[in-house]
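Chemist: Below you will find the structure I want to go over with you.
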Amino acid sequence: MEDCIFCKIINGDIPSSKVYEDEQVLAFLDITQTTPGHTLLVPKKHVRNVLEMDQETASLTFARLPKIARALKKATKAPAMNIINNNEDLAGQTVFHAHIHLLPRYDKNDGISIQYTTHEPDFEQLAQLASSIQKEIME
Ligand code: 5GP
Ligand code: ZN
């Protein structure tokens with residue numbers, strides 16, 4: 001797609017530090033290196049994000065993840081890793097070509113902090129919500 005920075009990287013119009021490539025996907029180092037080894041895995045087919053991804057593109061993209069993650073962990077000697085995917089502006093997506101972040105973790109002060117607010121469970125509400133999601137999946 002024209003004007004897509006990741007399509008340009010895939011096509012070789014913009015240089016990148018590649019870590020894995022096959023016919024379907026490309027993995028390369030993120031330019032910001034949030035932690036050393038910060039890698040992005042992208043499908044070669046231009047798709048906006050996971051919310052717009054077809055099952056086939058998802059299968060072939062996510063299938064590569066464990067192998068690349070293990071290699072990255074070994075190469076960086078990081079003891080842990082966050083694997084993150086942002087969908088749409090509000091969720092922090094800035095490049096609108098689907099990608100998965102692999103972030104090697106070194107210690108609690110390595111610059112990444114992921115925190116979730118916790119709520120007291122309302123099991124009635126949870127059942128209703130689960131049911132409405134199930135309905136949408138069946139559509
Ligand atoms: P997002 O915020 O959309 O989840 O992540 C986009 C990522 O793409 C950011 O972490 C950003 O550093 C990275 N990025 C943006 N432009 C380039 C580029 O030209 N080359 C590389 N290697 N990474 C880029
Ligand atoms: Zn693209």
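The values are calculated or read from the model by the stated rules, or taken from the named source; none is laboratory data. Worth saying up front: this structure is predicted, and the values here are computed from it rather than measured. Heads up: the accessible areas ignore ligands, DNA and RNA and are worked out on the full protein's heavy atoms, side chains in. Shrake-Rupley method; radii C 1.70, N 1.55, O 1.52, S 1.80 Å.
Chemist: Angle between the Cα long axis of helix 123-138 and the longest principal axis of the chain, 0 to 90 degrees, nearest 10?
Modeler: 60
Chemist: Given Cα pairs under 8 Å that are at least 6 residues apart, what percent is the relative contact order of the chain?
Modeler: Computed over the chain, the figure is 23 percent.
Chemist: A further question follows. Taking the chain as the reference, fit the longest principal axis to its C-alpha atoms, fit the long axis of helix 65-76 to the helix C-alpha atoms, and give the angle between the two in degrees, 0 to 90, nearest 10.
Modeler: Once rounded, one gets 60 degrees.
Chemist: I need the Kirkwood Rh of the chain: take the reciprocal of the average 1/r across all distinct C-alpha pairs and report it in angstrom. Present the calculation step by step, with values, prior to reporting the outcome.
Modeler: Working: mean 1/r = 0.0593 Å⁻¹.
For the chain, inverting the mean 1/r across all distinct Cα pairs yields 16.9 Å.
Chemist: May I pose another question? So what is the calculated 222 nm ellipticity per residue for the chain, using -39500 (n - 2.57) for each DSSP H run with n of 4 or more, over all residues, to the nearest 500 deg cm²/dmol?
Modeler: Numbers: 4 runs with 44 residues, N = 139.
Rounded to the nearest 500, it is -9500 deg cm²/dmol.
Chemist: Here's a follow-up. Using 0.36 nm per residue of separation minus the Cα-Cα distance, give me the extension gain between GLU52 and GLU124 in nm, one decimal.
Modeler: Numbers: separation 72, 0.36 × 72 = 25.92 nm, distance 3.08 nm.
The span from GLU52 to GLU124 would gain 22.8 nm if fully extended.
Chemist: Once the piece of chain linking LYS67 and ASN82 is laid out straight, how much longer is it, given 0.36 nm per residue of separation minus the C-alpha distance between them? Each step should come with its number before you reach the end.
Modeler: On the way: separation 15, 0.36 × 15 = 5.40 nm, distance 1.47 nm.
Fully extending the segment from LYS67 to ASN82 adds 3.9 nm.
Chemist: Can you work out the accessible area per residue across region 61-139, with the rest of the protein chains kept in place, probe 1.4 Å, in square angstrom? Working shown, then result.
Modeler: Numbers: 6150 Å² over 79 residues.
With the other protein chains kept in place, region 61-139 gives 78 Å² per residue.
Chemist: Rank THR117, THR57, THR32 by mean-square fluctuation in a GNM of the chain with C-alpha springs under 10 angstrom and give only the top-ranked residue.
Modeler: THR117
Chemist: Between HIS119, HIS38, HIS46, which gets the highest mean-square fluctuation from a Gaussian network model of the chain, Cα cutoff 10 Å?
Modeler: Comparing HIS119, HIS38, HIS46 in the GNM, the peak value goes to HIS119.
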